[in-house]
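Structure first, then comments.
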Amino acid sequence: MSDLEIPIGKRTVAYRFFEMVPAIISYGSILLLIILSIVSPFAAAAYLLAIIITALVKAVGIAYHTTTGRDHLEKAQNVDWHERLKQLENPKASLQSLSETSRDFHYMQHLDNLRHISDDTTVFPSPSQIYNAVIIATYNESYDILRPTIDSLLDTTYDKDHLIVVIAYEERGGDAIRNTVHRLEKEFKGKFKAFLTVEHPSDLPNEVRGKGGNITFAGFFLKQWLRDNTIEYSDVIVTTLDADNRTHSTYFDYLTYEYIVHPDRKHLSYQPVCLFTNNIWDVPAPMRVVATGNSFWNIISSMRPHTLRNFASHSQSMDALVEMDFWSTRTIVEDGHQYWRSYFHFKGKYSVVPILVPIYQDAVLSSSYKKTLIAQFIQLRRWAYGASDVPYVATRIFSRRREVPLGAGLARLVRLIDGHVTLASIAVLIAVGGWVPLFVNGQAAHSIAAHQLPEVISTIQRFAMIGLLITIFFSFKLLPPRPERYKRRRNVWMVLQWFLMPFTAVIYSSLSAFTSQTALLLGRYFDKFDVTEKATIKSKVKK
């Protein structure tokens, strides 16, 4: 197996250079505007307009994918995946009993799957031989957070006799989390195929303090348990969940269905749509805007399988994980990084299958307003540290020992860099870029292009409001029912909150991305997973 790990300690010159690339380009895009404003206000105006028009085109695409993605999400949730999975058990008999007069694309695809399985039962396993293992990672979350997550597993339509639950908790969490886990073990023992608990020791060598080490330790524990129980690795799908995740009731039926009908299942991972809506009515307005934006981005990503990456909760075959020694223990963004580990391990023959039903997660909520604002920034900063994958990918592509196709690998690298640079710089350029030529160059006031630039940008922004209206409309469609503790006027604030979008885009998205990229630029690596504090209304009342 090729070396899949992130280097520890001193980096090579090439690795160090590519660590700096995201920050160089992000800062450079803003510095270039300032330089052009000094040298040629017209050139500065042309540069900024090109960026804004590009952003507007992307916004149109985002609006389209949001609309279609929401439609696909609704349709997938209405499918009886449990029944479709049962039909794979005896595909020939199922084909004879099903009508072929429907024009529904997904239904006809199901019929095609039944035909393929009927033709070659050696390639496609039956549902009865597949098991789903769920690793729930927790550090110090309360019983009130963890209990609903396990309840959601119990409420699934999937056969619980084929569901293996693994609670992976940290020794660093102390007696509080240990007692919580033991309490849950007593309550749920015997309700699944197995209910296992694994304590991850603190301060293991060559590990950052993060989720990756925890779930990897649990993965090795699960590996031994499967061996002891004579269950084949290839018959097990592993899903990782955070402590606050609630699975859609059909998730495991849908996941198992997709796992069976794809012959190349070992080279695939499966990505549900993560929606941050569990406590969306309870969190402060800025957090609602951020959470809703992140939810929409996950819906959009599900519509673009060629760019889809692992994020938060995801699933992968146990035999693939065993080959790769599970997840990285050297990064605080093990979810997105798992895509690149898998991509290079399988020499480019790897992709992500969208599972178009939700995994519901919490928006950021701490014990006070101020702590919540800070916790949100820390969470986004951690996500933005995915820029640390740039050198990992680049040094493997620009290598004499390259094992992936150059063109495909280079296209992925460009998209990776573009995503992180866009996250950092675009909001800043759009928000204040139009005024830069006028502020840094006194002669710019005499330039028609520079003088009219703020007005032109304002006009383009008004067109962009159409996309915002679409976002507001669909945000209400995503909301869970309003809790009885809130009155109807809460709905008004759910609309007015969107006036905070410029603030959240610059202060949270851009600043968090610049913070992470600057850390990489200076070689000040994030070596500790800052756990996002998760509070509930119940736990806040107790305090």
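Computed from the coordinates by the stated procedures, all read-outs in this text should not be read as laboratory data. Keep in mind the model is a prediction, meaning the values are calculated, not measured. Note: ideal-geometry Cβ built from the backbone for every residue, glycine included; neighbour counts use all protein chains shown.
Annotation: peptides 502-509, 92-99, ranked by per-residue average of other Cβ atoms within 10 Å with the highest first, follow the order 502-509, 92-99. Residues whose amide H comes within less than 5 Å of that of V134, counting only those at least five positions distant or on another chain, are I164, V165, V166, T239 (H built at 1.01 Å from N in the peptide plane). The stretch 400-430 and the stretch 205-269 have Cα centres spaced 28 Å apart.
Taking a ≥ b ≥ c as the square roots of the eigenvalues of the Cα gyration tensor, an a/c ratio of 1.5 or more together with a/b no larger than b/c marks the stretch 43-159 as oblate. Take every pair of alpha-carbon atoms less than 8 Å apart whose residues are at least six positions apart; their mean separation over the length of the chain yields a relative contact order of 23 percent. Between E171 and R490, the modelled labels are 4.3 nm apart [label points 7 Å from Cα along Cα→Cβ]. Computed over the stretch 1-136, relative contact order equals 15 percent, with contacts defined as Cα pairs under 8 Å that lie 6+ residues apart. Over 23 Å apart at the Cα level, from the set K58/K211; K160/K189; K160/K186; K160/K477; K191/K223; K371/K528, are K58/K211; K160/K477.
Dipole of the stretch 331-446 computed with +1 at Lys/Arg Cβ and -1 at Asp/Glu Cβ about the Cα centre; of V404, A431, W383, farthest Cα towards the positive end is V404. The relative contact order of the stretch 79-203, computed from alpha carbon pairs under 8 Å that lie at least 6 residues apart in sequence, is 23 percent. Aspartates and glutamates near K487 by alpha-carbon distance under 17 Å, same-chain residues fewer than 8 away left out - which ones? The qualifying aspartates and glutamates are D282. The C-alpha radius of gyration of the stretch 338-379, expressed as a fraction of 2.2 N^0.38 Å, stands at 1.90.
The H on the amide N of S40, modeled in the peptide plane, is under 5 Å from the matching H of no residue at least 5 residues off or on a different chain. The shape of the stretch 1-42 can be summarised by an equivalent ellipsoid whose semi-axes, obtained from the alpha carbon gyration tensor, come to 36, 9, 7 Å from longest to shortest.
Packing-based ranking of 186-195, 337-346, 397-406 yields 337-346, 186-195, 397-406, ordered from highest to lowest mean Cβ neighbour count within 10 Å. Each stretch of four or more DSSP H residues adds -39500 (n - 2.57); spread over every residue of the chain, this sum gives -18000 deg cm²/dmol at 222 nm.
Neighbours of H65 by Cβ distance under 12 Å: Lys/Arg scored +1, Asp/Glu scored -1, total +2. Under a model in which nothing but the beta-carbon of Lys, Arg (+1) and Asp, Glu (-1) is charged, the stretch 334-384 shows a dipole of about 180 debye around its Cα centre. Computed from label points 7 Å out along Cα-Cβ, the spacing between Y107 and D119 is 2.3 nm. By how many degrees, between 0 and 90 and to the nearest 10, does the Cα long axis of helix 174-188 differ from the longest principal axis of the chain? Helix 174-188 sits roughly 50 degrees off the main axis of the chain.
Between the helical axis of 211-228 and the longest alpha-carbon principal axis of the chain there is an angle of about 20 degrees. For the chain, the dipole from Cβ point charges (+1 on Lys and Arg, -1 on Asp and Glu) about the Cα centre works out to 1500 debye, to the nearest 20. Per q in 0.06, 0.11, 0.13 1/Å, what log10 I(q)/I(0) does a Debye calculation on the alpha-carbon atoms of the chain return? The calculated log intensity ratios at q = 0.06, 0.11, 0.13 Å⁻¹ are -0.31, -1.06, -1.45. In degrees from 0 to 90, rounded to the nearest 10, what is the angle of the helix 448-478 Cα long axis to the longest principal axis of the chain? Helix 448-478 and the main axis of the chain meet at about 20 degrees.
All other residues whose Cβ lies under 15 angstrom from that of D155 are scored, Lys and Arg at +1 and Asp and Glu at -1, for a net of 0.
Between S128 and F17, residue separation times 0.36 nm minus the direct Cα-Cα distance comes to 34.9 nm. Counting beta carbons within 10 Å around each of E89, E19, E74, E100 and listing the fewest first gives the order E100, E74, E89, E19. For the stretch 47-91, the dipole from Cβ point charges (+1 on Lys and Arg, -1 on Asp and Glu) about the Cα centre works out to 200 debye, to the nearest 20. For T197, the residues whose modelled amide H falls within less than 5 Å of its own, excluding neighbours fewer than 5 places apart on the same chain, are I167.
Between E74 and V440, the contour length at 0.36 nm per residue exceeds the Cα-Cα span by 126.7 nm. Here the stretch 295-324 and the stretch 86-100 have alpha carbon centers that stand 29 Å from each other. Fully extending the segment from N179 to D203 would add 6.5 nm, taking 0.36 nm per residue of separation and subtracting the current Cα-Cα distance.
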